[in-house]
1. Do the conditions hold for R91, that is, is it surrounded by fewer than 19 Cβ atoms within 10 Å (Cβ to Cβ) and within 13 Å of ligand 2 (Cβ to nearest atom)?
2. Among the residues of region 75-88, write down those that are of a type in the set (D, E, K, R) and exposed (fewer than 15 other Cβ atoms within 10 Å of the Cβ).
3. So which residues in region 157-192 are farther than 21 Å from A62 by Cα and within 19 Å of the chain's Cα centre (by Cα), if there are any at all?
4. Kindly indicate whether G171 is in contact (Cβ under 8 Å) with a residue 60 or more places away in the chain and away from ligand 1 (no atom under 16 Å from the Cβ).
5. Out of all the residues in region 78-133, which are at pLDDT 95 or above and of a type in the set (K, R)?
6. Take residues that are polar (S, T, N, Q) and more than 18 Å from the chain's Cα centre (by Cα) and tell me which of the helices (runs of 4 or more DSSP H) falling wholly in region 193-270 contain 1 or more.
Amino acid sequence: MDGRLACTDRRTSDGQRTASSIYAVSLPAKNDLSYGGKSFIMAEDEKIEKAEKNMEREIDLAEISDGRLYTAEDLVKVGCGDCAGCSSCCRETGNTILLDPYDIWQLGCGTKLSFFELLEQGRIELNMADGVILPNLKLRENGEGCSFLNEEGRCSIHAFRPGLCRLFPLGRIYEEGGFRYFLQVHECHKQNRSKVKVKKWLRIPDIRRYEAFVLAWHDYLKRVGGEVKCAEDEARMKELTMSVLRLFFLLPYEENDFYGQFYERLGKGN
Ligand code: SF4
Ligand code: SF4
């Protein structure tokens with residue numbers, strides 16, 4: 001079974017890249033990267049050339065999955081005894097745990113830290129992914145993994161951890177007008193995993209609304225990323241590259257009604 005899928009898993013980001021995955025862009029000078037009177041640094045150099053994280057990859061699902069696709073209502077073998085004694089997938093993630101607006105909203109509500117404070121405290125960082133600047137969880141520089149991992153090797157933000165942390169070791173495959181889940185059989189090392197309903201594994205309120213958001217966000221990023229690749233001049237490329245960051249991350253969210261705020265912004269971005 002072959003599929004073209006979004007890289008929603010955390011440790012297979014070096015999978016086979018699609019064409020044109022190496023992409024160079026000049027970003028604004030670091031002092032221009034500001035919002036609401038605050039500025040922050042994405043990188044020391046004003047000219048950033050990166051091998052971008054590629055969210056879409058050509059991949060053979062038969063090699064990495066059990067060959068099945070799941071909906072939120074299906075049972076899947078992911079139960080790992082609450083990860084007891086294991087935190088390996090919180091330590092070896094690199095910069096692959098991309099954060100979406102729901103994650104940032106949740107993190108803000110749960111930690112009471114603004115997007116800027118999360119950046120300043122080294123909890124998150126910014127990187128290029130498919131032509132746009134997106135936040136991802138930042139690992140500690142001493143090799144101790146995610147900064148939210150506590151001394152007992154447990155997630156200190158478990159109740160409001162990001163969507164990709166909830167998903168693992170599942171991934172998503174995007175199809176025409178929707179997506180389904182697949183199980184990455186080589187990712188979690190626990191033996192004898194039990195069957196759990198996908199929606200129970202994710203533990204996200206109102207799963208249908210959340211899935212609609214995930215799809216809308218995926219489609220939006222895909223469209224903007226495509227426009228960046230086709231941009232005729234550097235000014236347009238910069239504008240598009242920054243637009244997602246400004247509209248969906250730098251602008252703070254109210255604590256209530258995330259989805260209302262998201263779709264209002266999406267309307268402005270379309
Ligand atoms: S590898 Fe499996 S058991 Fe270990 S932390 Fe990750 S999900 Fe939990
Ligand atoms: S946020 Fe929590 S679950 Fe996610 S990588 Fe960090 S410690 Fe692990």
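The values are calculated or read from the model by the stated rules, or taken from the named source; none is laboratory data. Keep in mind that this is a model prediction, so the values were computed, not measured. Every residue, glycine among them, receives a Cβ derived from its backbone with ideal geometry; neighbour counts consider all protein chains shown.
1. Numbers: surrounded by fewer than 19 Cβ atoms within 10 Å (Cβ to Cβ): yes; within 13 Å of ligand 2 (Cβ to nearest atom): yes.
So R91 fits the description; yes.
2. So in region 75-88, the residues of a type in the set (D, E, K, R) come out as 77, 82.
Matches in region 75-88: D82 only.
3. In the first step, residues of region 157-192 are kept if they are farther than 21 Å from A62 by Cα; the result is 157-166, 177.
The answer is I157, H158, A159, F160, R161, P162, G163, L164, C165, R166.
4. Numbers: in contact (Cβ under 8 Å) with a residue 60 or more places away in the chain: yes; away from ligand 1 (no atom under 16 Å from the Cβ): no.
In short, no.
5. Answer for region 78-133, where residues must be at pLDDT 95 or above and of a type in the set (K, R): K112, R123.
6. Values: elements: 198-202, 207-230, 234-245, 258-269.
It comes to 258-269.
Quick grid of which residues meet (1) at pLDDT below 90; (2) within 15 Å of W201 (Cβ to Cβ); (3) within 16 Å of ligand 2 (Cβ to nearest atom); (4) hydrophobic (A, V, I, L, M, F, W, C):
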site	(1), (2), (3), (4)
S147	no, no, yes, no
N150	no, no, yes, no
C165	no, yes, yes, yes
E176	yes, no, no, no
Y181	no, yes, no, no
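The rows are residues; the columns are (1) in contact with a Phe, Trp or Tyr (Cβ under 8 Å, 6 or more places away or on another chain); (2) small (G, A, S).
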position	(1), (2)
G94	no, yes
I97	no, no
G110	yes, yes
M128	yes, no
E141	no, no
C146	no, no
G153	no, yes
I157	yes, no
